[in-house]
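Notes for the one structure printed next.
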Amino acid sequence: MEDDRAPPAAEAPAKESSSSSACKDVPNLLSSFVDTFVDFSVSGGLFLLPQNDQNALPHHLRNPGDNPLPSPPPLQTYYPPQDRLIAIGDLHGDLEKTKESLRLAKLIDPESGKWVGGSSTLVQIGDVFDRGGEELKILYYLEKLRREAARCGGTVITMHGNHEIMNVEGDFRFATHKGLDEFRGWADWYCIGNRMKSLCKGLEDPKDPFDGVPLGFKNVKEEFVDGFRARIAALRPNGPISSRFLAKNLTVLVVGDSVFVHGGLLAAHVSYGLEKINAEVRDWVYGLKGGSAPDYCHGRNAVVWLRNFSHEFAEKCDCSALEHVLSTIPGAKRMIMGHTIQEFGINGVCEERAIRIDVGMSKGCINGLPEVLEIKGNSGMRILTSNPLYEKKKYRSSVESERRPGPGFLPQEHGPKQVEVKA
């Protein structure tokens, strides 16, 4: 009688091979778990969906070693008209106002905060950093929405403002105490994660994010030194935060007949090349171009600093220059900008060719009422605001009391309509 309880000899190697393969995956699984643990702790309790886009950061850049970095994948500068696009201005470290703006646009669920915008496109025009204390939380939240939107056919596009450029360069003049504390907390968790990874055989020793960062700074109080060091470590070119989040930012964007830029564009910028600008700034953030941003990111005529088309009073805006710039970009009808606070809400000048969307919503600015710009295809624009009557009253009383020409305004019969939406 045959004993059929003994397994065939051929099965043993197969089991050993399967077990060996599973063991090989342990280091990567541990690394992924640690990254998720650190993200959850820094972001205030967010879980990020797995990367699902073509511009995902290459794995070897997450903990860069000594090998030269490859050129990053190209960014998309030009998009066709979108069925529905929402543009949001400067956020400056205010997570609450960020979410209120997204609720106005019906892009997120009021309770869970998850993306419910379907195939909509969101453009955040820069200046997440400075003046507020929740800069990292906003970066994580926008990244969470980027991944959620991608699974629904939607798109989240983030852009550089002058404050992103300043912080990558180590200019922290407008950082707040809470902002420094938030980065100090990030550094603590990040280093804990690195120590956990270093205990696992099969993983390369993580790179010290503080390598080369000074231990002290002239004219910086001792109580702020740790925050300064953490901010430098995170945001310098090829830093863990800059390479992971900011390298995805565009500097210039064209969607249909609308041009988006934080400060503004001059003819020289267009002549230089919009795609070239995006690629060079991204290379710099990756650490491929030295410590300073390209020249067109510095000075009063920089793409992130220009104010020629965003002065509060319409007669001081250079409409002829704007018209010339738009004529050099095929199909462009308008330029949409942030950077300069519009106390009276989103508005347009130069026959609605210049649309200004920075309403100073952050409590670190003027604590303005959140407003967003909605564009549907190439058909038209409207302003979504939490209280349009209040904004109009404030605008009217200011003009009447001072008896002078007011800022460019988008009248309901000509420009975008104001629509009251409860956040």
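Which is under 20 Å from Ser292 (Cβ atoms) and either out of contact with any helix residue (DSSP H, G or I) (no Cβ under 9 Å at 6 or more places or on another chain) or in contact (Cβ under 8 Å) with a residue 40 or more places away in the chain (or both), of Val225, Val252?
None of the other options fit; the residue is Val252.
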statement: Among strands (runs of 3 or more DSSP E) entirely inside the stretch 84-190, those with 2 or more residues being out of contact with any helix residue (DSSP H, G or I) (no Cβ under 8 Å at 6 or more places or on another chain) are 85-88, 121-124
- request: Can you tell me which residue within the stretch 278-309, out of those that are aliphatic (A, V, I, L, M) and assigned to a loop (DSSP other than H, G, I, E, B), is nearest to Asn238 (Cα to Cα)?
  value: Leu288
message: I'd like to know if the stretch 310-322 contains one or more residues that are touching a residue at least 40 places away in the same chain (Cβ under 8 Å), in a loop (DSSP other than H, G, I, E, B), touching a helix residue (DSSP H, G or I) at 6+ places or on another chain (Cβ under 7 Å) and at negative phi.
response: no
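Restricting the search to the stretch 162-187, which residues are of a type outside the set (Val, Ile, Thr) and surrounded by fewer than 20 Cβ atoms within 10 Å (Cβ to Cβ)?
Selection gives Glu169, Gly170, Asp171, Arg173, Phe174, His177, Lys178, Asp181, Arg184, Gly185.
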Unmet requirement for Ser258, which otherwise passes all of (1) farther than 19 Å from Asp130 by Cα; (2) surrounded by fewer than 23 Cβ atoms within 10 Å (Cβ to Cβ): (2)
statement: Across (1) within 16 Å of the chain's Cα centre (by Cα); (2) open to solvent by less than 10 Å² (accessible area, probe 1.4 Å), Arg244 clears everything bar (2)
message: Considering only residues that are closer than 14 Å to Trp305 by Cβ and either outside any loop (DSSP other than H, G, I, E, B) or of a type in the set (A, V, I, L, M) (or both), which ones fall in the stretch 332-347?
response: Met337
- prompt: All but one of (1) open to solvent by 10 Å² or more (accessible area, probe 1.4 Å); (2) in contact with a Leu (Cβ under 7 Å, 6 or more places away or on another chain); (3) at pLDDT below 95 hold for His311; which doesn't?
  reply: (2)
message: Just to be sure before I move on: is Val156 under 28 Å from Val304 (Cα atoms), of a type in the set (A, V, I, L, M) and touching a Pro at 6+ places or on another chain (Cβ under 9 Å) in the structure I sent?
response: no
- request: Consider Ala267 carefully, then state whether it is in contact (Cβ under 8 Å) with a residue 24 or more places away in the chain, in contact with a Pro (Cβ under 8 Å, 6 or more places away or on another chain) and either farther than 30 Å from Ala233 by Cα or of a type in the set (A, V, I, L, M, F, W, C) (or both).
  value: no
message: Is it the case, given these coordinates, that Val281 is on the phi < 0 side of the Ramachandran plot and either within 18 Å of the chain's Cα centre (by Cα) or buried (at least 22 other Cβ atoms within 10 Å of the Cβ) (or both)?
response: yes
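The values are calculated or read from the model by the stated rules, or taken from the named source; none is laboratory data. Keep in mind it's a predicted model, so treat the numbers as computed, not measured. So basically every Cβ, Gly included, is an ideal-geometry build from the backbone, and we count neighbours across all protein chains shown. All accessible areas refer to the heavy atoms of the entire protein, side chains included, with ligands and DNA or RNA removed. Shrake-Rupley method; radii C 1.70, N 1.55, O 1.52, S 1.80 Å.
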